[in-house]
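Visitor: Here you go, one structure.
Please treat every number below as a calculation from the coordinates, not as lab data. Since the model is a prediction, treat every value here as computed from it, not as a measurement. Here the Cβ is made from the backbone with ideal geometry for all residues, glycine too, and neighbour counts use every protein chain on show.
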Amino acid sequence: MAAMSDVLLRVGRLNYVWTNTESLLIYLIAHLLRVDKEAAIVVFLTLNTTRARIDLIERLAKLAATPPGDRKAILSLMTRLKKEAKTRNKYNHCIYAFDEKGEILSTQLMRLVEDDKHVHYGKVEKMDQREIDHLEKSIAGIVDISNAMWSFIRASEHVSGAL
């Protein structure tokens, strides 16, 4: 069981670092498409899901015109971002169960799981210190991805001059 304020603070931080990091995808799009930031923003905003943005970047990175070093760096960043997206998605698309004191007991995912005979929904996971630690680790992971993206973007500016 976790104090609601502790969980909400961390979920807020998770969303803050995620949004800032996702916005850096604009620069990767600009770099890969060899366009200016304004054109990359149009592409970014036209793709209305994180998944679509990551898919585009991965596909562009895999093109023959992308230098192998850039491809490797970008695909690695996208792999890491997709991993952290699972935690972000969990906490943005779940229902919280509370006890009589208002403490958060668990989360319940709002996703269907089917097999041949049954439909199940809402995997329930205990909200405990282990889960709080997982949230903290995910926040730190996203910050690290953001820093790595910035490093790549800055190095790319010197090469392309387009950013």
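Visitor: Of (1) in contact (Cβ under 8 Å) with a residue 60 or more places away in the chain; (2) farther than 30 Å from residue 132 by Cβ; (3) surrounded by 12 or more Cβ atoms within 10 Å (Cβ to Cβ), residue 17 satisfies all except one. Which?
Guide: Of the numbered conditions (1) in contact (Cβ under 8 Å) with a residue 60 or more places away in the chain; (2) farther than 30 Å from residue 132 by Cβ; (3) surrounded by 12 or more Cβ atoms within 10 Å (Cβ to Cβ), the odd one out for residue 17 is (2).
Visitor: So, of the residues in the stretch 42-55 that are of a type in the set (A, V, I, L, M) and crowded, with 16+ Cβ neighbours inside 10 Å, which turns out to be farthest from residue 92 (Cα to Cα)?
Guide: Selected residue: 43.
Visitor: What's the total number of residues in the stretch 56-75 that are without any contact (Cβ under 8 Å) to a residue 60 or more places away in the chain, surrounded by 14 or more Cβ atoms within 10 Å (Cβ to Cβ) and either in a helix (DSSP H, G or I) or touching a Cys at 6+ places or on another chain (Cβ under 9 Å) (or both)? Reasoning before the result, please.
Guide: If we filter the stretch 56-75 for residues that are without any contact (Cβ under 8 Å) to a residue 60 or more places away in the chain, which is where we start, we get 56-69, 71-72, 75.
Next, from what is left, pick out any that are surrounded by 14 or more Cβ atoms within 10 Å (Cβ to Cβ): 56-58, 60-61, 66, 71, 75.
Keeping just the survivors that are either in a helix (DSSP H, G or I) or touching a Cys at 6+ places or on another chain (Cβ under 9 Å) (or both) gives 56-58, 60-61, 71, 75.
Of the residues in that region, 7 qualify.
Visitor: Determine which single condition residue 26 fails, assuming it passes every other condition in (1) loosely packed, with under 14 Cβ neighbours inside 10 Å; (2) without any contact (Cβ under 8 Å) to a residue 40 or more places away in the chain; (3) over 20 Å from residue 127 (Cβ atoms); (4) not hydroxyl-bearing (Ser, Thr, Tyr).
Guide: For residue 26, the exception is condition (1).
Visitor: Then there's this: Condition test on residue 32, is it hydrophobic (A, V, I, L, M, F, W, C), in contact with an Asp or Glu (Cβ under 9 Å, 6 or more places away or on another chain) and surrounded by 16 or more Cβ atoms within 10 Å (Cβ to Cβ)?
Guide: The answer is yes for residue 32.
Visitor: Additional query: Only one of these is part of a helix (DSSP H, G or I), of a type in the set (Val, Ile, Thr) and farther than 21 Å from residue 148 by Cα: 43, 35. Name it.
Guide: On the way: 35 fails: part of a helix (DSSP H, G or I).
Answer to the check: 43.
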